[in-house]
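Structure first, commentary second.
Since every read-out is calculated from the coordinates, none of them should be taken as a lab result. In this text, all values refer to a predicted model and were calculated from it rather than measured experimentally. Heads up, the Cβs are rebuilt from the backbone with ideal geometry, glycines too, and the neighbour counts pull from every protein chain shown.
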Number of protein chains: 2
Amino acid sequence: MPAVPAENRAVRPSCSRARGEVGCAKCKIRLLSVCAALDENELCELEALAQQTVFEPKKTLFIQDEPADAIYNITDGVVRLYKLLPDGRRQIIGFALPGNFLGLSMADRYGFSADAVVPVKACRFSREGFSNLLDDKPHLLRRLHELATHELTLAQDQMVVLGRRSAEEKVASLLIGLRDRWARVNGVVVTVPLPMSRQDIADFLGLTIETVSRTLTRFAREKIILIVPDGVRLLDPRRMEALTEA
Amino acid sequence: MPAVPAENRAVRPSCSRARGEVGCAKCKIRLLSVCAALDENELCELEALAQQTVFEPKKTLFIQDEPADAIYNITDGVVRLYKLLPDGRRQIIGFALPGNFLGLSMADRYGFSADAVVPVKACRFSREGFSNLLDDKPHLLRRLHELATHELTLAQDQMVVLGRRSAEEKVASLLIGLRDRWARVNGVVVTVPLPMSRQDIADFLGLTIETVSRTLTRFAREKIILIVPDGVRLLDPRRMEALTEA
DNA sequence: CTTTATCATTGACCCAGATCAACCCTGTGG
DNA sequence: CCACAGGGTTGATCTGGGTCAATGATAAAG
């Protein structure tokens with residue numbers, strides 16, 4: 001291990017990965033996530049706790065009700081978050097995209113299950129380590145709280161969708177919602193990636209796979225969308241947005 | 001104003017209301033709410049910021065999208081929280097009971113509307129004042145975060161109810177859910193108070209008023225409940241719980 | 001190339017819950 | 001006392017979306 005001059009240590013902290021290739025400092029989703037709350041030095045502290053992990057499609061990150069020993073920050077890919085009823089009915093409560101943080105609640109058991117939809121990269125932290133960090137970083141806690149209340153707002157919006165929207169409005173709200181979230185990660189898009197299956201979409205919207213399929217083909221027939229492999233291109237975003245508003 | 005001996009000030013802080021009748025110290029829902037995070041001295045600080053308010057039935061506490069200058073801690077009564085669609089469809093996203101805190105998000109606009117179902121008492125804080133208090137009380141922030149993630153969990157559970165449960169299961173889940181929440185406030189109950197209208201229940205569960213009414217009368221016919229004025233008595237709690245689990 | 005598997009689409013039919021329409025309370029005011 | 005207003009209940013009917021059943025497309029395996 002090469003020595004680091006003392007005068008350098010002050011400006012550029014001795015952060016094992018920061019001197020290498022893939023440090024937090026050059027993480028493309030840093031500003032979207034919890035990490036945005038940290039300065040350069042704190043980032044190193046966090047990085048020391050982080051463990052890079054990858055998950056192949058369908059691999060599980062964690063399972064509902066099991067001890068929550070790890071929390072994750074998604075850096076690449078899509079994760080589905082869901083709850084199962086004893087008889088097999090499933091409700092997907094959300095899709096986590098790059099920048100999303102799983103484990104906001106710091107509870108001792110997971111409140112839902114999570115598995116990879118496509119190959120996923122994530123920073124893994126032990127709950128204990130992260131919790132300790134939190135204890136003397138109130139601004140990190142504040143950031144976490146900010147993200148938690150944002151999630152709460154999204155969940156409440158989804159309650160409106162599930163409780164009071166028609167099938168057509170539900171599908172439209174998914175497409176517009178995902179478009180806007182992808183836009184924050186990748187920049188503005190006209191082709192919305194839909195890496196998840198029709199069954200996943202159905203379980204998110206409280207519909208069946210057949211209704212999702214029929215609704216999408218109807219949108220395509222009416223030239224509002226074009227169905228492409230693993231996504232849809234929004235041909236008439238205005239009309240789609242109108243369906244989510246009215 | 002009578003002088004307070006210096007040696008007394010230390011143990012019993014000079015808290016205007018604490019020396020009177022209705023201080024935070026003897027608030028019956030204190031331990032259920034944010035306030036549980038504060039010690040006696042901090043409680044006084046909080047109390048100095050609080051303004052006791054009352055709302056008659058149907059009066060509004062605040063309206064969605066309007067500037068969120070106040071936050072509320074409900075001390076008595078029931079508040080309905082809801083979102084409206086432009087065409088008048090309504091989704092009730094929750095009922096706030098004594099001990100519940102409205103304004104967890106500290107956002108600058110309200111994310112939903114809130115109005116009193118029955119006569120309501122609440123402690124009102126200016127958002128600014130409360131936010132300042134938060135800045136130098138990390139444990140208060142931690143408590144707030146705890147409550148926010150609890151709310152998030154409830155919202156996710158409700159997503160399962162709205163997306164994947166039958167009408168019968170929905171009504172059962174409301175009754176069991178309210179019973180358990182009332183139990184934390186008033187102690188264990190067999191008669192679940194339902195001060196809200198059938199329309200409110202319908203808008204919470206994503207049903208119509210007729211379906212709610214029919215489902216309740218079916219439960220009554222099958223001797224699972226007894227319908228009483230402003231509530232139901234659970235005659236067979238086990239069977240009701242079974243409906244929410246399976 | 002064929003086989004097998006997985007997912008998506010499409011059609012025919014059905015049903016849980018919505019809609020429409022009385023009717024019935026209970027309380028309030030004249 | 002009656003009138004009448006705002007819930008709540010009940011019944012008859014309708015329909016959006018579910019269920020069941022093929023069929024089609026894509027891809028990996030042999």
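Please average, across the residues of B:85-94, the number of beta carbons from any other chain that are within 10 Å of each residue's own beta carbon, and give a whole number.
4
May I ask you to sort B:Asp87, B:Asp115, A:Asp236 by Cβ crowding, counting other Cβ atoms within 10 Å and putting the fewest first?
B:Asp87, A:Asp236, B:Asp115
Per residue of chain A, what 222 nm ellipticity follows from adding -39500 (n - 2.57) for every DSSP H run with n ≥ 4, rounded to the nearest 500?
-13000 deg cm²/dmol
Between their Cα atoms, which of A:Lys137/B:Lys28; A:Lys83/B:Lys137; A:Lys59/A:Lys170; A:Lys83/B:Lys170; B:Lys28/B:Lys83; A:Lys83/B:Lys59 are more than 25 Å away from each other?
With Cα atoms farther than 25 Å apart: A:Lys137/B:Lys28; A:Lys83/B:Lys137; A:Lys59/A:Lys170; B:Lys28/B:Lys83; A:Lys83/B:Lys59.
What size of dipole, in debye to the nearest 20, comes out for the protein assembly as shown about its Cα centre when the only charges are +1 on Lys and Arg C-beta atoms and -1 on Asp and Glu C-beta atoms?
Result for the protein assembly as shown is approximately 1120 debye, rounded to the nearest 20.
Calculate the dipole size of segment A:130-246 relative to its Cα centre from +1 charges on Lys and Arg beta carbons and -1 charges on Asp and Glu beta carbons; express the result in debye to the nearest 20.
In total the dipole reaches around 380 debye.
Summarise the partner chain shielding of B:162-170 as one whole number: the mean count of Cβ atoms from other chains within 10 Å of each residue's Cβ.
5
Mind putting a number on the dipole of chain A about its Cα centre? Charges go on the C-beta only, +1 for Lys and Arg and -1 for Asp and Glu, and I need it in Debye to the nearest 20.
Rounded to the nearest 20 debye, it is 800 debye.
Given A:Tyr72, A:Gln158, A:Gly231, which one lies farthest toward the positive end of the charge dipole of chain A, if we put +1 on the Cβ of every Lys and Arg and -1 on the Cβ of every Asp and Glu?
A:Gly231
Checking the a/c ratio against 1.5 first, then a/b against b/c, what shape does the Cα gyration tensor give for the protein assembly as shown?
Judged from the Cα gyration tensor, the protein assembly as shown comes out oblate (a/c at least 1.5, b/c at or above a/b).
Of the listed peptides A:72-80, A:187-195, what is their order by residue-averaged count of other C-beta atoms within 10 Å, with the highest listed first?
A:72-80, A:187-195
I want the local charge near A:Leu134. Using Cβ-Cβ distances under 13 Å, sum +1 for each Lys or Arg and -1 for each Asp or Glu among the other residues.
The answer is -1.
With the dipole of chain A worked out from charges on the C-beta (+1 for Lys and Arg, -1 for Asp and Glu) around the Cα centre, which of A:Ala37, A:Pro86, A:Val120 lies farthest toward the positive end?
A:Val120
Need one value for A:75-83: mean number of C-beta atoms belonging to other chains within 10 Å of its residues' C-beta atoms.
Taking the mean over all residues of the peptide, I get 1.
From the Cα gyration tensor of segment B:165-245, with a ≥ b ≥ c the square roots of its eigenvalues, which class applies: rounded if a/c is under 1.5, or else prolate if a/b is larger than b/c, or else oblate?
Note, shape of segment B:165-245 comes out rounded.
Using only alpha carbon pairs under 8 Å that are at least six residues apart, calculate the relative contact order of segment B:116-246 and give it in whole percent.
RCO, segment B:116-246: 23 percent.
May I ask for the net charge around B:Gln64, where only other residues with Cβ less than 15 Å from the Cβ of B:Gln64 are counted and Lys, Arg are +1 while Asp, Glu are -1?
Cβ neighbours under 15 Å give a net charge of -2.
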